[in-house]
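Below is one structure, written out as structure tokens, with a few remarks after it.
Coordinate-derived values only; no laboratory data. Remember, predicted model here, so these are calculated numbers, not experimental data. Counting neighbours? That spans all protein chains shown, and the Cβs are built from the backbone with ideal geometry, glycine included.
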Amino acid sequence: MSSTTGTSEQLRTSLPVPIHGNGTAETRPLTWRLAQRDEVLDIETYESLEGYQGLKKALGMGAEQVQAEVKNATLRGRGGAGFPAGIKWSLLPKADGGPRYLVCNADEMEPGTFKDRLLMEKLPHQLVEGMITSGFAIGATCGYIFIRGEYIKAARHLNEAIEQAKAKGYLGKNILGSGYDFELYVHTGAGRYICGEETALINSLEGRRANPRTKPPFPQVAGAWGRPTIVNNVETLNNVPAIVLRGAEWYKSLSAGKSPDPGTKIYGASGKVRFPGLWELPLGTTGREILEQYAGGMRDGLSLKAWLPGGASTDFLLPEHLDLPMDFDTIMKAGSRMGTGLIMVVDETQSMVALVRNLEEFFARESCGWCTPCRDGLPWGVKLLRNLEQKQGRTGDVELLQELTKNLWIGKTFCAHAPGAMEPLQSAIKYFRPEFDACVRDDAASLPPVTQA
């Protein structure tokens, strides 16, 4: 498989979709091995491509130094929130001799997001190495990869990688003679979007109903089975071995001045673009570069109407925002969130009312039902949107939807599920209000307004 160092046109004719392997070990720490092989599944091939070198170096450095290196690298979480991993690790209490856990959030049920699946299916050892190295840094005794049940291929490859790592002495008792013990397991989930919230994930891991927990205490203090627990995303953990191997200063140089945030990011594009796919690029690459240079622009005859910068639970942005760097702070200042960094495009032929109704149906279905605003508010929003989509909207329906976005916002629900669901809705009304107003019946003025029971 050829590297993605050639021109975009050459890449499109030589590589399958998604385009995932590119660059070198010094420039693309997450995907450079896929420029050498279409997939790296056996441990001997992975070892020949610097595999487990980061772990070996970490064991020689000591846990505190490894943790300091990751903290100095300012590795921000790649699951959507962007919280620095090193700071999260530092919140763990001092070791007391009891168990502590490292959990990988591989649930990846955000609509429009598929980056973690690529890493797990094609580079399972990289995640295993990241888990062991991170576990050593925080003093974890056991790790779990919590993966969505539909990722059957990824789970199989991870289990095979774990067995191979055990046979080589990278897992289990006294890893490589270091005195460090660590066990790692793959846990398949039952398919709930709410498990993307770390405490709901922990509840599910324990065999409980996947409801979010009250915080504090935070998982760093009392997580899985009441013990200190760190939950990190797949892409986040995949970065750790390279940071340890090459250092924080090297990692900071990867964004090449495109963003104050260091490192690279697996960006992606889906929807009616010419070449949907994934690309590891310097953090801060603009939306225009991603969509036009790598995804090939919109399909013939279509033009961009709006885009979601990081999955279904982010606010819509407009074509005028395309030149903004895709980093956490810049996209937030523009009124959205970078989220997972995988762009979903909307073309001018698509109805914003129908599109948002589809998204809100998903969020309503995936509510855990724990709190009333989310349990009752999301289905109410779906009902209003269905009426509007069918041109049966009544006077005041759009205003009710706007009020809903306020009543289901941060601080008014138990967790961030409902506020995330409100982001595409509030921004769609903000930018495309005439489309919603056009769905109100012509005789709506003579009808009684709809009130919530």
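For Leu49, Leu123, the sequence from fewest to most other C-beta atoms within 10 Å is Leu49, Leu123. Residues of the stretch 110-145 falling in the label zone of Lys173, defined by backbone nitrogen less than 18 Å from a point 7 Å along Cα to beta-carbon, are 141-143. Remark: the stretch 352-446 projects, on average over all directions, an area of 5.4 nm² (convex hull of Cα atoms).
Output the pairs from Lys71/Lys215; Lys115/Lys391; Lys71/Lys412; Lys252/Lys412 with a Cα-Cα distance over 27 Å in this structure; if there are none, say none. Present the calculation step by step, with values, prior to reporting the outcome.
Details: Lys71/Lys215 24 Å; Lys115/Lys391 37 Å; Lys71/Lys412 33 Å; Lys252/Lys412 38 Å.
Pairs exceeding 27 Å: Lys115/Lys391; Lys71/Lys412; Lys252/Lys412.
Of the residues Asp96, Asp42, the one with the fewest other Cβ atoms within 10 Å heads the list, and the complete ranking is Asp96, Asp42.
May I ask for the percentage of alpha-carbon pairs in the stretch 15-253 that lie more than 23 Å from each other? Walk me through the numbers before you get to the answer.
Values: 12627 of 28441 pairs.
Of all Cα-Cα pairs in the stretch 15-253, 44 percent lie more than 23 Å apart.
When the C-alpha to C-alpha distance is required to be over 18 Å, the pairs from Lys88/Lys173; Lys305/Lys383; Lys57/Lys168 that qualify are Lys88/Lys173; Lys305/Lys383.
How large is the helix-only mean residue ellipticity at 222 nm for the chain, computed as the sum of -39500 (n - 2.57) over DSSP H runs with n ≥ 4, divided by its residue count, in deg cm²/dmol to the nearest 500?
Values: 16 runs with 176 residues, N = 453.
That comes out to -12000 deg cm²/dmol.
Among Cys371, Ala438, Leu404, whose Cα lies farthest out toward the positive end of the dipole of the stretch 352-446, if unit charges sit on the beta carbon of Lys, Arg (+1) and Asp, Glu (-1)? Ranked along the dipole, the leading option is Cys371. Structural descriptor for the chain: relative contact order 15 percent, calculated from alpha carbon pairs under 8 angstrom and at least 6 residues apart. Beyond 11 Å, the tail of the calculated P(r) for the stretch 83-127 holds 78 percent of the Cα pairs.
For the chain, how big is the tail of P(r) above 37 Å, as a whole percent of Cα pairs? When every Cα pair of the chain is considered, 27 percent fall beyond 37 Å.
What translational D, rounded to a whole number of µm²/s, comes out for the stretch 264-347 from Stokes-Einstein when the hydrodynamic radius is the Kirkwood one over Cα pairs, at 37 °C and 0.692 mPa s? Show your work: numbers first, answer last.
Details: Rh = 12.2 Å.
Translational diffusion coefficient: 270 µm²/s.
Remark on the stretch 207-248: hydrodynamic radius 12.5 angstrom, per the Kirkwood mean of 1/r across alpha carbon pairs. To the nearest 0.05, what FRET efficiency results for Glu403 and Glu163 with a Förster distance of 60 Å applied to their C-beta separation? Calculated value: 0.65. For a quick check of your reading of the filter: which GluC sites (Glu not before Pro) in the stretch 320-391 sit in a DSSP loop and have no more than 11 other Cβ atoms within 10 Å? Those that pass, being in a loop and sparsely packed, are Glu348. With a cut-off of 11 Å between beta carbons, the residues surrounding Gln350 carry a summed charge of -1, where Lys and Arg count +1 and Asp and Glu -1. By other beta-carbon atoms within 10 Å, ranking Lys391, Lys383 with the fewest at the front produces Lys391, Lys383.
Taking a span of 18 Å or more along the helix axis (Cα atoms) and a mean Kyte-Doolittle hydropathy of at least 0.5 as the rule, the DSSP H helices of the chain that qualify are 124-138, 234-246. A straight line joining the Cα centroids of the stretch 382-438 and the stretch 257-289 runs 29 Å. When the trypsin sites (Lys or Arg not before Pro) in the stretch 55-98 are filtered for DSSP coil states and for at most 14 other beta-carbon atoms within 10 Å of their beta-carbon, the remaining sites are Lys94.
Once fully extended, how much extra length lies between Val221 and Asp300, figured as 0.36 nm per residue of separation less the alpha-carbon to alpha-carbon distance? Don't skip to the end; give the middle numbers.
On the way: separation 79, 0.36 × 79 = 28.44 nm, distance 5.33 nm.
Working it through step by step, the gained length comes to 23.1 nm.
Straight-distance candidates among the aspartates and glutamates for linking to Lys166, with alpha-carbon spacing under 16 Å and chain neighbours fewer than 8 residues away dropped: Asp42, Glu44, Glu47, Glu129, Asp181, Glu183. Label-to-label distance, Glu26 versus Arg274, with points set 7 angstrom from Cα along the beta-carbon direction: 3.2 nm.
Computed over the Cα atoms, what is the radius of gyration of the stretch 173-309 divided by 2.2 N^0.38 Å, N being its residue count? Spell out each step's value before the answer.
Values: Rg = 20.0 Å, N = 137, 2.2 N^0.38 = 14.3 Å.
Taking the Cα Rg and dividing by 2.2 N^0.38 Å, one obtains 1.40.
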